[in-house]
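Structure first, then comments.
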Amino acid sequence: MSKRVKGIGLLSGGLDSMLAAKVLVELGIDVLGLTFVTPFFGAAKGFAAGERIGIPMLALDISERHLKMLKNPRYGYGSQMNPCIDCHGLMLNEAGKIMEEHGADFLFTGEVLGQRPMSQRRDAMRSVEKLSGFSGRILRPLSAKLLPATLVEENGLVDRARLLDIQGRSRKRQKELAHSLGIKDYPQPGGGCLLTVEGFSNRLRELFRINPEALVREIEIMKCGRAFILPGQSMCMVGRNEGDNLKLEELAGEGEVLLHPADHPGATGVIFSSPQPLQDLKTAAEIVSSYSHIPGNSTTRIEWKYEKQSGIVAAEARNKDDFKQMLIP
Ligand code: SF4
């Protein structure tokens with residue numbers, strides 16, 4: 001019995017990658033979907049997409065490698081901190097390793113020529129391929145007929161005639177294809193990656209500026225609540241709600257100062273990404289006091305902990321506008 005052709009595809013959770021996988025399934029190809037985890041996006045949407053079209057899925061945590069790339073992407077950033085060309089190249093490089101481990105024949109993506117300004121131009125797709133280290137083995141079923149034939153098409157493992165020639169920004173053909181393949185329930189395009197979000201990107205730029213060595217844990221802290229740059233050039237997060245506060249308590253570790261009101265519930269704060277975080281203690285305590293909404297109290301006792309040290313400072317609750325210059329928009 002001849003071995004079945006096997007393809008490993010990136011499934012972000014969007015319609016295009018679902019369609020690409022489904023087109024291949026219809027051609028009798030064994031498909032495995034791969035989805036990735038970093039601090040900026042997770043695997044849930046990819047898994048949900050895989051489940052909808054009935055293919056097996058695998059999730060890979062590439063947080064550390066992705067963060068290293070993010071600090072210095074060869075092809076730069078998109079409109080925000082999204083290094084899409086390098087990001088795709090990295091994901092396909094990881095996918096290629098899985099392809100070799102699984103003895104699969106090729107990789108595929110749901111990319112559509114000309115659909116996204118940064119990463120889905122013809123030259124960008126070539127750059128992605130080069131970065132991945134798997135040139136000639138990456139099939140884009142939705143635009144394949146408009147692109148040079150891949151090795152799997154040349155070797156007759158996938159019938160090029162049955163692939164597609166979709167291009168451009170319109171979603172019309174994808175919607176028709178979804179209908180004909182029986183895919184009814186799919187998410188709208190966009191969303192899902194924090195690196196494309198302006199507010200998040202502003203914080204990340206500031207974090208890399210004050211601490212180029214920032215690690216995954218610092219990024220996780222930076223995701224909770226409001227972000228301030230304090231006069232001593234440390235960053236301070238202040239929880240907006242109970243969920244943020246709990247997360248900050250959980251994440252604050254060595255090298256970070258944890259603050260919260262000593263006598264009543266209120267906002268939790270964390271000073272981080274500074275070699276001397278205690279020099280910003282007073283300002284951080286004032287911010288925590290001001291964001292803790294204690295009517296009638298002009299001063300709040302703020303408890304702090306830093307490694308083996310701890311203490312209480314009295315901090316004035318000020319008008320929040322006083323901290324506007326420090327707040328990252
Ligand atoms: S949008 Fe985010 S996840 Fe998608 S390629 Fe760009 S950086 Fe990577």
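The values are calculated or read from the model by the stated rules, or taken from the named source; none is laboratory data. Source: prediction; values computed, not measured. For neighbour counting, all protein chains shown are included, and Cβ atoms are generated from backbone atoms with ideal geometry for every residue, glycine included.
At a glance:
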{"read-out": "Single residue of the range 222-232 satisfying the filter (away from the ligand (no atom under 16 Å from the Cβ) and part of a loop (DSSP other than H, G, I, E, B)) that is surrounded by the fewest Cβ atoms within 10 Å (Cβ to Cβ)", "value": "231"}
{"read-out": "Boolean, residue 211 is surrounded by fewer than 20 Cβ atoms within 10 Å (Cβ to Cβ) and in contact with a helix residue (DSSP H, G or I) (Cβ under 8 Å, 6 or more places away or on another chain)", "value": "yes"}
{"read-out": "Some residue of the range 130-153 being assigned by TED's automatic domain parsing to the domain that holds residue 50, more than 16 Å from the ligand (Cβ to nearest atom), surrounded by fewer than 19 Cβ atoms within 10 Å (Cβ to Cβ) and among the acidic types (Asp, Glu)", "value": "no"}
{"read-out": "Residue match in the range 81-103 (condition: polar (S, T, N, Q), out of contact with any Gly (no Cβ under 6 Å at 6 or more places or on another chain), surrounded by 14 or more Cβ atoms within 10 Å (Cβ to Cβ) and within 23 Å of residue 38 (Cβ to Cβ))", "value": "yes"}
{"read-out": "In the range 177-221, residue nearest to the ligand (Cβ to nearest atom) [restricted to those that are among the hydroxyl-bearing types (Ser, Thr, Tyr) and in a helix (DSSP H, G or I)]", "value": "196"}
{"read-out": "Considering residues of the range 58-76 that are surrounded by fewer than 20 Cβ atoms within 10 Å (Cβ to Cβ) and touching a residue at least 40 places away in the same chain (Cβ under 8 Å) only, the residue farthest from residue 134 (Cα to Cα)", "value": "71"}
{"read-out": "Of the criteria (1) without any contact (Cβ under 8 Å) to a residue 60 or more places away in the chain; (2) assigned by TED's automatic domain parsing to the domain that holds residue 44; (3) not β-branched (Val, Ile, Thr), which one residue 185 fails", "value": "(1)"}
{"read-out": "Residue match in the range 100-111 (condition: farther than 26 Å from residue 29 by Cβ, over 14 Å from the mean Cα position of the chain (by Cα) and either within 13 Å of the ligand (Cβ to nearest atom) or at pLDDT below 95 (or both))", "value": "no"}
{"read-out": "Any hit, the range 28-35, residues being free of Cβ contacts under 8 Å to residues at least 60 places away in the same chain, in contact with a Lys or Arg (Cβ under 8 Å, 6 or more places away or on another chain) and surrounded by fewer than 16 Cβ atoms within 10 Å (Cβ to Cβ)", "value": "yes"}
{"read-out": "Residue in the range 271-279 that is touching a Leu at 6+ places or on another chain (Cβ under 8 Å), β-branched (Val, Ile, Thr) and either assigned to a loop (DSSP other than H, G, I, E, B) or within 30 Å of residue 35 (Cβ to Cβ) (or both) present", "value": "no"}
{"read-out": "From the options 243, 266, 225, residue that is free of Cβ contacts under 8 Å to residues at least 60 places away in the same chain, small (Gly, Ala, Ser) and either assigned by TED's automatic domain parsing to the domain that holds residue 62 or within 20 Å of residue 328 (Cα to Cα) (or both)", "value": "225"}
